[in-house]
Amino acid sequence: MSVDFTNPIFTDEDKAREHLEALRWPDGAFCPHCGSTSVHRLEGKSHRPGLYQCNGCAQAFTVMVGSVMERSHIPLRKWVLAFYLMNSSKKGISAHQLHRMLGVTYKTAWFLAHRVREAMKPSNPSPLGGEGKIVEADETAVGGKSKNRAFRKKAIKKQIIVSLVERGGGARSILVAEGKRGRVRDLRPFMVTNASRKSRLMTDQDKNFVRIGEEFADHEAVDHHRAEYARGDVHTNTVEGFFSIFKRGVIGVYHHVSDAHLNRYLAEFDFRYSNRAKLGVNDGERAARAIKGAQGKRLTYRPAH
Ligand SMILES: [Zn+2]
């Protein structure tokens, strides 16, 4: 983890707020209520720092309004540190670690982490791949019967994840529902909206991918049953590598997470993978991109945990 804890954005509330304002408002503050750029800062002791007022609709706002940070009582420097910590290690950071490092309760850390994950969800995703590009797709099951005796007694529901990974590009993942005879429902809409059909699609020979594969410019399937793991550039090693990072980071730690939470963890792992060092994105830039993604998103639920 390469977070510079001496950076004042993690220790000084004013510096943290300026950092968030610079990222969220690169062209100056604007009103989150009506969108007007005609705004002024409310100065003086009677106002809390960072408060603005809109000259159009007269409503007051701060940098937190209209984002996943809205109505939070957590100091901004802790929000900034959480964004950086969650973006600085491949496997992410557990709520327990956040709780210790931020000096907030476990419950607060847990909720904070889920709001950061919400910010990591793609806002206007364009499809992966394209002409001449390779997209690998694969599915993996988590849960179900565990090899670990301690967990075997508990009936852990099997969950199926499908991921698309563009070779040399980003990742998109979804939790899908399993229908009869292992058929996966809702797979086609996910695949054709998240991957360009001009791509070369590479999968294993799973029947779920055969029909959808016909819609792509090219579809090649590796036969795992014949121990055929690669044929020239035809393989699914990239997406399998992505699954192994996810499983070590989430399933290895939590064993089971609910469907709603699993989708949020997938968004987190997709985000880090799609903004990884190999693509020229360093830890700081990745955190900055996540903070920008906080825009226009709110998480209003209060989970009992
Ligand atoms: Zn306004």
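The values are calculated or read from the model by the stated rules, or taken from the named source; none is laboratory data. As the structure is a computational prediction, the values presented were derived from the model and not from experiment. So basically every Cβ, Gly included, is an ideal-geometry build from the backbone, and we count neighbours across all protein chains shown. Note: accessible area is taken over every heavy atom of the protein model, side chains too, but ligands, DNA and RNA are not part of it. Shrake-Rupley method; radii C 1.70, N 1.55, O 1.52, S 1.80 Å.
Just to confirm a number: summing +1 for Lys and Arg and -1 for Asp and Glu over residues other than residue 217 whose beta-carbon lies under 12 angstrom from that of residue 217, what do you get? Before the final figure, lay out each step's value.
Details: positive: 133, 197, 198, 200; negative: 131, 214, 215, 218, 220.
Every neighbour counted, the sum reads -1.
So if we plug the beta-carbon distance of residue 22 and residue 156 into 1/(1 + (r/R0)^6) with R0 = 35 Å, what FRET efficiency do we get, rounded to 0.05?
0.20
At 0.36 nm per residue, minus the direct Cα-Cα distance, what do residue 255 and residue 233 gain on full extension? Give it in nm, one decimal, please.
4.5 nm
Points 7 angstrom from Cα along the Cβ direction at residue 12 and residue 197: gap in nanometres?
5.5
What whole-number value in Å² describes the accessible area per residue of the stretch 24-152 for a 1.4 Å probe?
Result: 51 Å² per residue.
So how strong a dipole does the chain carry about its Cα centre when Lys and Arg Cβ are +1 and Asp and Glu Cβ are -1, to the nearest 20 debye?
1400
Can you tell me the relative contact order of the stretch 176-259? Whole percent, Cα pairs under 8 Å, sequence separation 6 or more.
19
Taking a ≥ b ≥ c as the square roots of the Cα gyration tensor eigenvalues, with a/c under 1.5 meaning rounded and otherwise prolate when a/b beats b/c, else oblate, which class fits the stretch 1-62?
Oblate, since a/c reaches 1.5 and b/c is not below a/b.
How large a share of the accessible area of the chain, in percent, is made up of carbon and sulfur atoms when the probe is 1.4 Å and the other protein chains stay in place?
49
Return the calculated 222 nm mean residue ellipticity for the chain, to the nearest 500 deg cm²/dmol, obtained by summing -39500 (n - 2.57) across DSSP H runs with n ≥ 4 and dividing by the residue count.
Helix contribution divided over all residues of the chain: -10000 deg cm²/dmol.
Order of 163-170, 24-31, 98-105, 13-20 by packing, highest average Cβ count within 10 Å first?
163-170, 13-20, 98-105, 24-31
Using each residue's phi in the stretch 243-252, evaluate 6.51 cos²θ - 1.76 cosθ + 1.60 at θ = phi - 60° and report the 3J(HN,Hα) Karplus result to the nearest Hz, with x for Gly and Pro.
4, 5, 5, 4, 5, 5, x, 10, 5, x
Reachable aspartates and glutamates from residue 133, Cα under 12 Å, same-chain residues fewer than 8 places away excluded?
Candidates past the 8-residue exclusion: 166, 218, 233.
Anything over 27 Å Cα to Cα? Flag those among 90/198; 45/292; 121/198; 157/207; 180/297, in the order listed. Provide the component values of the computation, followed by the final result.
On the way: 90/198 30 Å; 45/292 30 Å; 121/198 24 Å; 157/207 22 Å; 180/297 36 Å.
The answer is 90/198; 45/292; 180/297.
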